[in-house]
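Visitor: Got a structure for you, written out below as structure tokens; questions coming shortly.
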Ligand code: 13P
Ligand code: SF4
């Protein structure tokens with residue numbers, strides 16, 4: 001606790017010296033969420049990165065999030081606490097694979113989940129996050145959509161659109177681990193609880209939920225709901241904001257495996273150190289960033 005207090009003081013000092021803001025995803029460790037200027041889901045944090053006046057953005061999340069921030073704010077320095085915090089789902093699609101699919105479906109619009117590399121975004125017409133995926137797919141002008149990389153989110157969107165979706169076979173290791181049996185067991189133990197899950201979960205799990213949405217949507221739903229007890233099907237870091245917003249409500253995470261090891265690579269010590277050293281910085285080659293930016297900006301404009 002003493003060490004954390006010193007780290008937090010040093011962080012405050014460095015933030016002023018460097019004119020920095022700290023953005024943290026809801027899956028980050030509590031010790032990071034506590035010191036963040038903004039906590040949010042992928043969409044909100046991308047928006048904050050695009051809008052900030054600060055000179056330095058410290059992005060506490062996984063690599064594609066830092067990249068998206070750098071693409072949207074190319075003149076800012078974007079720092080990340082640890083370069084090794086990646087997203088296995090983002091690595092499940094590459095440029096070659098996507099180009100092949102585009103050649104097979106030349107009339108399709110490419111809609112790419114923000115959980116993807118800058119190179120893949122550069123081959124994309126429009127990005128989306130879990131909070132706006134349905135809206136984005138319904139906004140495109142073609143009848144056919146190439147969807148990468150999350151098959152589970154793709155399946156969920158397909159239930160809410162008439163577009164013909166060609167869906168890539170990627171998935172989030174963490175959310176995809178949650179099973180029907182996990183939900184059944186939790187419901188048996190907590191019969192009064194409402195089930196809220198992330199659309200990165202398997203279709204059969206999503207079908208059992210009372211509410212489906214992004215992390216921000218789940219947090220808002222639980223805060224505003226008149227119910228008092230919830231079974232949560234998303235990463236356990238979300239508990240920080242859920243409990244902060246509703247200290248009198250009860251939250252059960254649907255499985256003990258709902259922990260993204262990549263998100264947990266970051267900690268307070270590394271956060272302070274990266275601002276101290278101004279390293280590691282996110283770099284995206286300008287010819288990639290310029291193309292990728294269009295796909296992100298199109299997403300930000302969808303109403
Ligand atoms: P959201 O924050 O958009 O809900 O995304 C979830 C996720 O898995 C991020 O890596
Ligand atoms: Fe990637 Fe899943 Fe971790 Fe999000 S929770 S960073 S999608 S592995």
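The values are calculated or read from the model by the stated rules, or taken from the named source; none is laboratory data. Note that this is a predicted model, so its numbers are computed, not measured. Methodologically, a virtual Cβ is constructed for each residue, glycine included, from the backbone with ideal geometry; neighbour enumeration extends over all protein chains shown.
Visitor: When you look at residue 138, is it over 17 Å from residue 41 (Cβ atoms) and either out of contact with any helix residue (DSSP H, G or I) (no Cβ under 8 Å at 6 or more places or on another chain) or assigned to a loop (DSSP other than H, G, I, E, B) (or both), yes or no?
Guide: Values: over 17 Å from residue 41 (Cβ atoms): yes; either out of contact with any helix residue (DSSP H, G or I) (no Cβ under 8 Å at 6 or more places or on another chain) or assigned to a loop (DSSP other than H, G, I, E, B) (or both): yes.
So residue 138 fits the description; yes.
Visitor: Also: Residues of region 53-75 being within 13 Å of ligand 2 (Cβ to nearest atom) and either surrounded by fewer than 24 Cβ atoms within 10 Å (Cβ to Cβ) or in a helix (DSSP H, G or I) (or both), which ones? Walk me through it before giving the result.
Guide: Quick first cut of region 53-75, residues within 13 Å of ligand 2 (Cβ to nearest atom) only: 59-68.
Passing the criteria: 63, 64, 65, 66, 67, 68.
Visitor: Look at region 229-276 and say how many of its residues are out of contact with any helix residue (DSSP H, G or I) (no Cβ under 7 Å at 6 or more places or on another chain) and either over 30 Å from residue 13 (Cβ atoms) or without any contact (Cβ under 8 Å) to a residue 40 or more places away in the chain (or both).
Guide: First, the residues of region 229-276 that are out of contact with any helix residue (DSSP H, G or I) (no Cβ under 7 Å at 6 or more places or on another chain): 229, 236, 239, 243-244, 247-248, 250, 256-257, 261-262, 264-265, 270, 273-274.
If we keep only those that are either over 30 Å from residue 13 (Cβ atoms) or without any contact (Cβ under 8 Å) to a residue 40 or more places away in the chain (or both) too, we end up with 229, 236, 239, 243-244, 247-248, 250, 256-257, 261.
Total meeting the criteria: 11.
Visitor: Taking the options 221, 230, 251, name whichever one is assigned to a helix (DSSP H, G or I), away from ligand 2 (no atom under 16 Å from the Cβ) and within 22 Å of residue 263 (Cβ to Cβ).
Guide: Numbers: 230 fails: assigned to a helix (DSSP H, G or I); 251 fails: assigned to a helix (DSSP H, G or I).
Unique residue meeting the criteria: 221.
Visitor: With the condition kept exactly as written, say whether any residue in region 9-17 is under 19 Å from the mean Cα position of the chain (by Cα) and either away from ligand 1 (no atom under 16 Å from the Cβ) or surrounded by fewer than 19 Cβ atoms within 10 Å (Cβ to Cβ) (or both). Step through it out loud before you land on a result.
Guide: To start, the set of residues in region 9-17 that are under 19 Å from the mean Cα position of the chain (by Cα) comprises none.
So far as region 9-17 goes, no, none of its residues is under 19 Å from the mean Cα position of the chain (by Cα) and either away from ligand 1 (no atom under 16 Å from the Cβ) or surrounded by fewer than 19 Cβ atoms within 10 Å (Cβ to Cβ) (or both).
Visitor: Among the residues of region 119-126, is any away from ligand 2 (no atom under 16 Å from the Cβ), in a loop (DSSP other than H, G, I, E, B), out of contact with any helix residue (DSSP H, G or I) (no Cβ under 6 Å at 6 or more places or on another chain) and assigned by TED's automatic domain parsing to the domain that holds residue 165? Don't jump to the end; show me each part of the working.
Guide: Quick first cut of region 119-126, residues away from ligand 2 (no atom under 16 Å from the Cβ) only: 119, 122-126.
Still in the list and also in a loop (DSSP other than H, G, I, E, B): 123-125.
Keeping just the survivors that are out of contact with any helix residue (DSSP H, G or I) (no Cβ under 6 Å at 6 or more places or on another chain) gives 125.
If we keep only those that are assigned by TED's automatic domain parsing to the domain that holds residue 165 too, we end up with 125.
Scanning region 119-126 turns up at least one residue that is away from ligand 2 (no atom under 16 Å from the Cβ), in a loop (DSSP other than H, G, I, E, B), out of contact with any helix residue (DSSP H, G or I) (no Cβ under 6 Å at 6 or more places or on another chain) and assigned by TED's automatic domain parsing to the domain that holds residue 165.
Visitor: Another question about this same structure. Listed residues 96, 82, 75, 91; which is touching a helix residue (DSSP H, G or I) at 6+ places or on another chain (Cβ under 7 Å) and at pLDDT 95 or above?
Guide: 82
Visitor: Would you say residue 205 is assigned to a helix (DSSP H, G or I), within 15 Å of ligand 1 (Cβ to nearest atom) and either in contact with a strand residue (DSSP E or B) (Cβ under 7 Å, 6 or more places away or on another chain) or in the same structural domain as residue 12 (by TED's automatic domain parsing) (or both)? Walk me through it before giving the result.
Guide: Numbers: assigned to a helix (DSSP H, G or I): yes; within 15 Å of ligand 1 (Cβ to nearest atom): yes; either in contact with a strand residue (DSSP E or B) (Cβ under 7 Å, 6 or more places away or on another chain) or in the same structural domain as residue 12 (by TED's automatic domain parsing) (or both): yes.
Yes; evaluated as a whole, the condition is true for this residue.
Visitor: Can you find even one residue in region 183-193 that is within 14 Å of ligand 1 (Cβ to nearest atom) and more than 29 Å from residue 108 (Cα to Cα)?
Guide: Within region 183-193, the first condition is being within 14 Å of ligand 1 (Cβ to nearest atom), and the residues that meet it are none.
No, region 183-193 contains no residue that is within 14 Å of ligand 1 (Cβ to nearest atom) and more than 29 Å from residue 108 (Cα to Cα).
Visitor: Out of everything in region 87-116 that is more than 12 Å from ligand 2 (Cβ to nearest atom) and either assigned to a loop (DSSP other than H, G, I, E, B) or not assigned by TED's automatic domain parsing to the domain that holds residue 133 (or both), what residue ends up being surrounded by the most Cβ atoms within 10 Å (Cβ to Cβ)?
Guide: Narrowing region 87-116 to residues more than 12 Å from ligand 2 (Cβ to nearest atom): 93-112.
With the extra rule that they be either assigned to a loop (DSSP other than H, G, I, E, B) or not assigned by TED's automatic domain parsing to the domain that holds residue 133 (or both), the set shrinks to 93-94, 105-108.
Working: 93: 24, 94: 15, 105: 15, 106: 7, 107: 7, 108: 21.
Among those that are more than 12 Å from ligand 2 (Cβ to nearest atom) and either assigned to a loop (DSSP other than H, G, I, E, B) or not assigned by TED's automatic domain parsing to the domain that holds residue 133 (or both), it is 93.
Visitor: Within region 19-28, does at least one residue satisfy the condition of being at pLDDT 95 or above and part of a helix (DSSP H, G or I)?
Guide: Filtering region 19-28 for residues at pLDDT 95 or above gives 19-28.
Filter again for part of a helix (DSSP H, G or I), leaving none.
No.
Visitor: Give the residue, chosen from 49, 36, that is in contact with a helix residue (DSSP H, G or I) (Cβ under 8 Å, 6 or more places away or on another chain) and touching a residue at least 24 places away in the same chain (Cβ under 8 Å).
Guide: On inspection, the qualifying residue turns out to be 49.
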